[in-house]
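What follows is one structure encoded as structure tokens, with my remarks underneath.
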Amino acid sequence: MSLFEIKAEISPEVVDAIEDVLLELGVEGWSLLQDVISKRAWVVGVFDDEASAQVRWSELVPLIADITQPGAPEFRVLADQDWRDSYKAHFKASRFGRLHWVPVWEREQFHPGLGEVVIWLDPGLAFGTGNHETTRLCCERLLALAEKAGDRVEQLRVIDAGCGSGILALSAAKLGFKKIAGFDNDPEAVRVSEENAELNGLSGTVEFSTNDLVGGLGGGRQAEVVLANIQADVLMRFVGELTAAVAPGGSLVLSGILAIELERVREVFAAAVPTWTISTRVMGEWSDLTLDSPPALSRCL
């Protein structure tokens, strides 16, 4: 299969700022590549044909105009193998305790240790690298909750609200959670999530569906772990739905929050659930917010 690549050079100093804009606006189809040795960076998009590439480029330039003016774009036909190979120099494995995120082309030579588990990542399936701070923050929280649960992890339900490519929901499955649901309002994201489940031998282990926050969390649906890696204004707008989806004694893990937005998001959620315990962390320009609900009160007979 041949694809069409558009590539333009940018300053390495603006890579993080552009990535933040693309994440906040939900702009898909673009990647940022950086060569730390030569101190060069590029914004790269891969699309089905030249016409689509031209349209997406004309949409991208105004979005990043306040940050940078990229160099002249280069267009070329890209074979599928070329697409995969172009990532190998930039896409490296990540580790979160016993959980590894590893490029699929390293499958033959990567051997996890005893008790360790792997999620295979394939940019060709739009899995992304999982290297953005917001995804890493959520994954670290998920791992901590799995370790805390110990042998009880199989009994805990997980909801991944706004699942994207499914990386967090599938990581939950690898960590031992059994009752996992992920939803996204983009049908393409759900399709990709299901492809990534198949890539990892996890087909059918996660209930993926197309839904918004109201539909995905409605009907009294609850879980002991609710993940929402979504931009801050959306989190605050749906504070009621998100907190109602957390079972007694459960945890709500929120990310997609710029560090400068953290205090405002904390205030909104603290006002909604004043008896819940709140903890936060900052990683680079991004942050997370985890709320632990109190356990259900025992009834005295």
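The values are calculated or read from the model by the stated rules, or taken from the named source; none is laboratory data. The structure presented is a predicted model; accordingly, all values stated were derived computationally and were not measured. Cβ placement follows ideal geometry from the backbone for every residue including glycine, while neighbour counts extend to all protein chains displayed.
Quick look at the numbers
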read-out	value
Some residue of the range 229-239 being modelled with pLDDT of 95 or more, surrounded by 17 or more Cβ atoms within 10 Å (Cβ to Cβ), touching a Cys at 6+ places or on another chain (Cβ under 8 Å) and not acidic (Asp, Glu)	no
Search result, residues across the range 30-73 that are in contact (Cβ under 8 Å) with a residue 40 or more places away in the chain and assigned to a loop (DSSP other than H, G, I, E, B)	Asp48, Asp49, Ile64, Ile67, Thr68, Pro70, Gly71, Ala72, Pro73
Scan of the range 140-165 for residues that are under 19 Å from the mean Cα position of the chain (by Cα), aliphatic (A, V, I, L, M) and not in a helix (DSSP H, G or I), ordered by number	Val158, Ile159, Ala161
Qualifying residue in the range 230-251 (condition: among the β-branched types (Val, Ile, Thr), farther than 25 Å from Leu22 by Cβ, not assigned by TED's automatic domain parsing to the domain that holds Glu24 and not in a helix (DSSP H, G or I))	yes
Residues located in the range 166-213, provided they are in a loop (DSSP other than H, G, I, E, B), small (Gly, Ala, Ser) and surrounded by 24 or more Cβ atoms within 10 Å (Cβ to Cβ)	Gly166
Test set (1) out of contact with any Phe, Trp or Tyr (no Cβ under 8 Å at 6 or more places or on another chain); (2) within 19 Å of Arg141 (Cα to Cα) - Ala259 fails condition number	(1)
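Here is a yes/no grid of residues against (1) under 21 Å from Leu22 (Cα atoms); (2) modelled with pLDDT under 70; (3) surrounded by fewer than 17 Cβ atoms within 10 Å (Cβ to Cβ):
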{"position": "Leu63", "(1), (2), (3)": "yes, no, yes"}
{"position": "Pro70", "(1), (2), (3)": "yes, no, no"}
{"position": "Pro73", "(1), (2), (3)": "yes, no, no"}
{"position": "Val77", "(1), (2), (3)": "no, no, yes"}
{"position": "Gln81", "(1), (2), (3)": "no, yes, yes"}
{"position": "Ala89", "(1), (2), (3)": "no, yes, yes"}
{"position": "Arg95", "(1), (2), (3)": "no, no, yes"}
{"position": "His100", "(1), (2), (3)": "no, no, no"}
